[in-house]
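What follows is a short report on a single structure.
Throughout, read-outs are computed from the coordinates displayed, never taken from laboratory work. Keep in mind that what you see is a predicted model, and the values were worked out from it rather than measured. Here the Cβ positions follow ideal geometry from the backbone for every residue, glycine too, while neighbour counts run over all protein chains shown.
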Amino acid sequence: MAAAAVEQGFQLRRYGALAYLRAPLLEGCRGVVHAFSTRLGGCSTGTLTSLNTAFHTGDRCDRVLENRRRFLERCSFHPDDVVAAVQVHGAGIRRVEAADRGRGARPDSFLGEGDALVTAIPGLPLTGYAADCLLLFIAAPDVPAVALVHAGWRGTLQQIAPAVVRELHLHFGADPAVMLAALSPGICGRCYTVDRDLGRDFAGAGWSGAPYQWAGAAGRIHLDLAAINREQLRRAGIEAGHLAGCSWCTGCHPRLFYSYRREKGQTGRMMGLIALSGESVAEEADQR
């Protein structure tokens, strides 16, 4: 990966007690709004302290909605606007249309199952939720269109990231060579170990040896999902200089991030958001 792309990885921003991250690579893309939350600045308690944004964690609904409000206002969206699917650690892709606004705003309102959302509709905030898995933020400025991808080990093994690039190209006409992609914080290869069988599955899919996997203690295998997803996106046609990696590990930074593995499943979720800004997109269209 180009050094410039690494430098444009997600960077921490603060607003009072609230902390969140943005990628300069995407901030420089006119018409695209994005952010990734941390666990700081919310009202949840206990193992969910404090900015839990997911309903399925056992948190009180009113607390989740308040946490979402605090985070979303930094992106100029309301909690009733968000769109989300039921993440099942697969490779399903859902196209989001104007009528889908708010599907994901309440526990019983989600889109169907899917781990990637794509849209070319301005003003629709696509959201995903994670606590170790990667969220991939993809912008296709030539359409324009955006995508948000939830990539755990299952989705990565099923190559969900290249599938989304193909979807943006085939359905919307986007050129992979001008797409931008940023990888959210996620668990790093040093913290993430899997059994030998899963390691062999990844090796069989072409992901053997460093930097993708290496042997650890007690027969465990270290797996670097970020390295694999970066390479998958590059092979799908995204230029190395258009890829922003991320040095933030959810496992290494307990004060900033929830980690499903570190906290043995009793934890909250961060939210990732990407959207097309209606005003900026309209201005660009007028200029073309």
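Results, tabulated for the structure shown:
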| item | result |
| --- | --- |
| Fully extended contour minus Cα-Cα distance, from His253 to His89, at 0.36 nm per residue | 56.7 nm |
| Any cysteine of the chain lacking a neighbouring Cys Cβ under 4.7 Å - listed by number | Cys29, Cys43, Cys61, Cys75, Cys133, Cys191, Cys246 |
| The range 223-281 shape via C-alpha gyration tensor axes, a/c threshold 1.5 | oblate |
